[in-house]
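K.L.:
Mind looking over this structure? Questions follow.
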Amino acid sequence: MSALLIEGGKRLHGAVKVHGAKNSVLPILAAAILGRGESVIHNCPALSDVTASVAILEHLGCRVRTEGDTLWVDASQLVRSDVPDALMREMRSSVIFLGAVLARTGEAEMSFPGGCELGPRPIDLHLAALRRLGAEVAERAGALCCTAVGLTGCDIVLSLPSVGATENAMLAATGAEGVTTITNAAREPEIVDLQNFLRSMGARVRGAGSSVITVEGGRPLHGGEHTVIGDRIVAATYLSAAAAAGGEAELTGVDYRHLSTVIAVLSEAGCAIRSTPERICIRADRPLRGVRPVRTAPYPGFPTDAQAPVMAALCTAEGTSVFVENIFESRYRHVDELCRMGADIRVEGRVAVVCGGKKLHGAAVKAADLRGAAALVVAALGARGRSTVTGLAHADRGYQDLAGDLRALGAEITRTEERET
Ligand code: EPZ
């Protein structure tokens, strides 16, 4: 089992370029299916979720090749319209392929994406949007079978600004005759990135980043070309690492405006953060201070994905901080492991109280989900002594080279690849 070995308690000092955004490239890879030609995607991160998406594209009949961080997807010929169960199990967010496959082929089949470590992950809003566009959606024996003789543009209103449902509706709407409006759409930067990729394919999409997105569908699309935005959650993780360990770090490759709520919280905790369009510089002289309650919310609110790493940094603060996780039901699975490192955190339902003033010490800890893995690494950097972090398959879904990037920031961290026994 592979593990990260971390010698904590040392201040950071270094610079790193943040890789492309996982939550942007995944819907963009699905969107590539819509183009009757070859798409080129730059700044594509090397993540296990990207590998899983490429496997789905090749299963469907696309030809994919990679050179460095550029991916070519030729979707001229599709031969299938189903996502195999094994691939769905590997990555539940494969549900994002539903709208694109349906728009391109008129049908789509995949096993029902189950819940995940974060709790139940319903897709009722995705299915309601597809039905509004005219798709027949049958749920048979754990499988989703969608057919559409033709999709027709319409007005879709989402009861909550779901990122995935917004993306599925956008992708399906490109294949619908006429105009579709998506109201109460998610406003995340990754939605804007998807719109920009779709536009490069000849699609007429506007409004991404606002609550109302309009798609003029029914036009055949060609291959597009796009450079994926930097990953704002990876950037939030690295800022949290500098805050926890103390020292200074310079991040490039990401738009600071995409993580302004995270920057505000870390600044309130006592970090000095300067941002320009090119870089984010953080200086953290310990000890951090406790902050006012951090409530996760849809963008532009505080991102749920940053809750765990920022909480880890605040475990080292002198004062107490409170988190309220409003998006997912089970997103405090990193708390027990942080407490093994000496943190004092009390969880009551959606509320976590992080009592400050504790000195963290190294420990052997295991990650239970993607951002929880990041949180354990952040805490280990701020802890005195050696830590071992396992459960790295979770981290590999969203961090291209966590150890390498943190070493570039001056951390003493190595990854051991012990063979599975
Ligand atoms: C996306 O997940 C991200 N994943 C998540 O990132 C992120 O945490 C989440 O958005 C919120 O920002 C990708 O983009 C691949 P949602 P998604 O639909 O689309 C409920 C990470 O760490 N809901 O916005 O699944 C749902 O239960 C991952 O990178 C319904 O009720 O999130 C949740 O409570 C984790 N019905 C809330 O909406 C639906 O049909 C937000 O979910 C869909 C969602």
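The values are calculated or read from the model by the stated rules, or taken from the named source; none is laboratory data. All figures in this text were calculated on a predicted structure; none of them were measured in a lab. Cβ placement follows ideal geometry from the backbone for every residue including glycine, while neighbour counts extend to all protein chains displayed. Only protein heavy atoms, including side chains, enter the accessible area calculation; ligands, DNA and RNA are left aside. Shrake-Rupley method; radii C 1.70, N 1.55, O 1.52, S 1.80 Å.
K.L.:
Being of a type outside the set (D, E, K, R) and away from the ligand (no atom under 12 Å from the Cβ), is that true of even one residue in the range 116-132?
P.N.:
no
K.L.:
While we're on this one: Somewhere in the range 356-368, is a residue touching a Cys at 6+ places or on another chain (Cβ under 9 Å), buried (at least 22 other Cβ atoms within 10 Å of the Cβ) and in contact (Cβ under 8 Å) with a residue 12 or more places away in the chain?
P.N.:
Yes, some residue in the range 356-368 is touching a Cys at 6+ places or on another chain (Cβ under 9 Å), buried (at least 22 other Cβ atoms within 10 Å of the Cβ) and in contact (Cβ under 8 Å) with a residue 12 or more places away in the chain.
K.L.:
So if I check each of 260, 267, 321, which one is under 21 Å from residue 239 (Cβ atoms), of a type in the set (S, T, N, Q) and out of contact with any strand residue (DSSP E or B) (no Cβ under 7 Å at 6 or more places or on another chain)?
P.N.:
Going through 260, 267, 321 in turn, just one is under 21 Å from residue 239 (Cβ atoms), of a type in the set (S, T, N, Q) and out of contact with any strand residue (DSSP E or B) (no Cβ under 7 Å at 6 or more places or on another chain): 260.
K.L.:
I need a count of the residues in the range 317-342 that are away from the ligand (no atom under 16 Å from the Cβ), assigned to a loop (DSSP other than H, G, I, E, B) and open to solvent by 10 Å² or more (accessible area, probe 1.4 Å).
P.N.:
The qualifying residues number 4.
K.L.:
Suppose we keep only residues that are within 22 Å of residue 328 (Cα to Cα) and in a loop (DSSP other than H, G, I, E, B) within the range 343-379. Which one would you say is nearest to the ligand (Cβ to nearest atom)?
P.N.:
369
K.L.:
Now for a different question. Does residue 413 fit the bill of being surrounded by 16 or more Cβ atoms within 10 Å (Cβ to Cβ), at pLDDT 95 or above and either more than 18 Å from residue 19 (Cβ to Cβ) or touching an Asp or Glu at 6+ places or on another chain (Cβ under 7 Å) (or both)?
P.N.:
In short, no.
K.L.:
Still on this model: Any idea how many residues of the range 159-179 are within 16 Å of the ligand (Cβ to nearest atom) and either open to solvent by 20 Å² or more (accessible area, probe 1.4 Å) or touching a Pro at 6+ places or on another chain (Cβ under 9 Å) (or both)?
P.N.:
Final tally of qualifying residues: 10.
K.L.:
Any residue at all in the range 91-113 that is charged (D, E, K, R), open to solvent by less than 20 Å² (accessible area, probe 1.4 Å) and not in a loop (DSSP other than H, G, I, E, B)?
P.N.:
Checked the range 91-113: no residue is charged (D, E, K, R), open to solvent by less than 20 Å² (accessible area, probe 1.4 Å) and not in a loop (DSSP other than H, G, I, E, B).
K.L.:
If you scan the range 270-291, which residues turn out to be in a loop (DSSP other than H, G, I, E, B) and open to solvent by 60 Å² or more (accessible area, probe 1.4 Å)?
P.N.:
If the condition is that a residue be in a loop (DSSP other than H, G, I, E, B) and open to solvent by 60 Å² or more (accessible area, probe 1.4 Å), then 277, 278, 285, 286, 287, 289 are the ones that fit.
K.L.:
For the condition over 17 Å from residue 128 (Cβ atoms), open to solvent by less than 40 Å² (accessible area, probe 1.4 Å) and β-branched (Val, Ile, Thr), what is the one hit in 156, 213, 191, 182?
P.N.:
Residue meeting the stated conditions: 191.
K.L.:
Looking only at the range 295-313, decide whether some residue is hydroxyl-bearing (Ser, Thr, Tyr), touching an Asp or Glu at 6+ places or on another chain (Cβ under 9 Å) and assigned to a loop (DSSP other than H, G, I, E, B).
P.N.:
Scanning the range 295-313 turns up at least one residue that is hydroxyl-bearing (Ser, Thr, Tyr), touching an Asp or Glu at 6+ places or on another chain (Cβ under 9 Å) and assigned to a loop (DSSP other than H, G, I, E, B).
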